[in-house]
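Have a look at the structure below before the remarks.
The values are calculated or read from the model by the stated rules, or taken from the named source; none is laboratory data. Since this is a predicted model, take the numbers as computed values, not measurements. Note that we place each Cβ from the backbone using ideal geometry, even for glycine, and neighbour counts take in every protein chain shown. Ligands, DNA and RNA are stripped out before the accessible areas are found, and what is left, the full protein with its side chains, is counted by its heavy atoms. Shrake-Rupley method; radii C 1.70, N 1.55, O 1.52, S 1.80 Å.
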Amino acid sequence: MLVPFGIFISALLLRAFYLWEDTASPFFAVGGVDSPTYLKRAASLLAGTWPGPFAFDQPPLYPAWIAAVSQVFGESIMALKLSQAVLGATCCVLVYFIAQKAFRDFSVALLAALMCVVNGTLMYFDGQIVSANLEMFLQCAALWFFLKAEENK
């Protein structure tokens, strides 16, 4: 269990460093094109007025994730992005377990996880207010559960 813990901590530290560095960006709180829409939908979910007229033109689970994080930690962009960093770091651990099950080789699993840890694109999307982070986590979790179910057959 030391290897998965090391993967998680190293991925989380890199993502936290990226977030700290990104706070200087004028786009840190504003985000990209879809970010305001996601934040408005999360606010309407918290206010009880969701779904609204355009509820399903974007993934509906991501605004629910934002609302849940806001409910626990308050409406903080940093808390949201840190929660996504935790999801991203967890994905790296899941990649390790997936590769270990699929290839049955420690070095392949470790290499796959390390590639996930240092992947700049994954770190970037972990720090953005877009659904890609949550989707990646759910896809990795689903794949790991499918491999686990196949193993228990």
Check your understanding: Got at least one residue in segment 92-108 being of a type in the set (Gly, Ala, Ser), under 18 Å from the mean Cα position of the chain (by Cα) and modelled with pLDDT of 95 or more?
Key -> no
Study note, to complete from the structure: Among the residues of segment 1-45, the number that are closer than 30 Å to Val108 by Cα and charged (D, E, K, R) is 1
Study note, to complete from the structure: Matching residues in segment 54-89 (touching a residue at least 60 places away in the same chain (Cβ under 8 Å) and open to solvent by 40 Å² or more (accessible area, probe 1.4 Å)) number 5
Review point. Restricting the search to segment 116-136, which residues are in a loop (DSSP other than H, G, I, E, B) and within 16 Å of Leu94 (Cβ to Cβ)?
Key: Asn119
Revision key, fill the gap. Within segment 7-35, the count of residues that are assigned to a helix (DSSP H, G or I) and within 18 Å of the chain's Cα centre (by Cα) comes to 16
Review point. Quick one: would you say Ala85 is assigned to a loop (DSSP other than H, G, I, E, B) and either at pLDDT 95 or above or closer than 27 Å to Ile9 by Cα (or both)?
Key: no
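Please go through segment 87-118 and give me each residue that is more than 25 Å from Val69 (Cα to Cα) and of a type in the set (S, T, N, Q), ordered by number.
Gln100, Ser107
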Practice item. Kindly provide the set of residues from segment 44-53 that are open to solvent by 50 Å² or more (accessible area, probe 1.4 Å) and on the phi < 0 side of the Ramachandran plot, ordered by number. Key: Leu45, Leu46, Ala47, Thr49, Trp50, Pro51, Pro53
Check your understanding: When segment 137-147 is examined, which residues are found to be within 14 Å of Val86 (Cα to Cα) and open to solvent by 60 Å² or more (accessible area, probe 1.4 Å)?
Key -> Leu138
Check your understanding: Based on what the data block shows, is Val118 open to solvent by 40 Å² or more (accessible area, probe 1.4 Å) and closer than 30 Å to Phe27 by Cβ?
Key -> yes
Revision key, fill the gap. The condition from (1) open to solvent by less than 50 Å² (accessible area, probe 1.4 Å); (2) in contact with a helix residue (DSSP H, G or I) (Cβ under 6 Å, 6 or more places away or on another chain); (3) not hydrophobic (A, V, I, L, M, F, W, C) that Gln128 misses is numbered (2)
Check your understanding: What number goes with the only condition from (1) surrounded by fewer than 17 Cβ atoms within 10 Å (Cβ to Cβ); (2) over 15 Å from Asp126 (Cα atoms); (3) touching a residue at least 24 places away in the same chain (Cβ under 8 Å) that Ala29 does not pass?
Key -> (2)
Exercise for review: Please enumerate the residues belonging to segment 39-78 that are assigned to a loop (DSSP other than H, G, I, E, B) and polar (S, T, N, Q).
Suggested key: Thr49, Gln58, Ser76
Exercise for review: Assess whether Gly32 counts as being more than 30 Å from Ala149 (Cβ to Cβ) and touching an Asp or Glu at 6+ places or on another chain (Cβ under 6 Å).
Suggested key: no
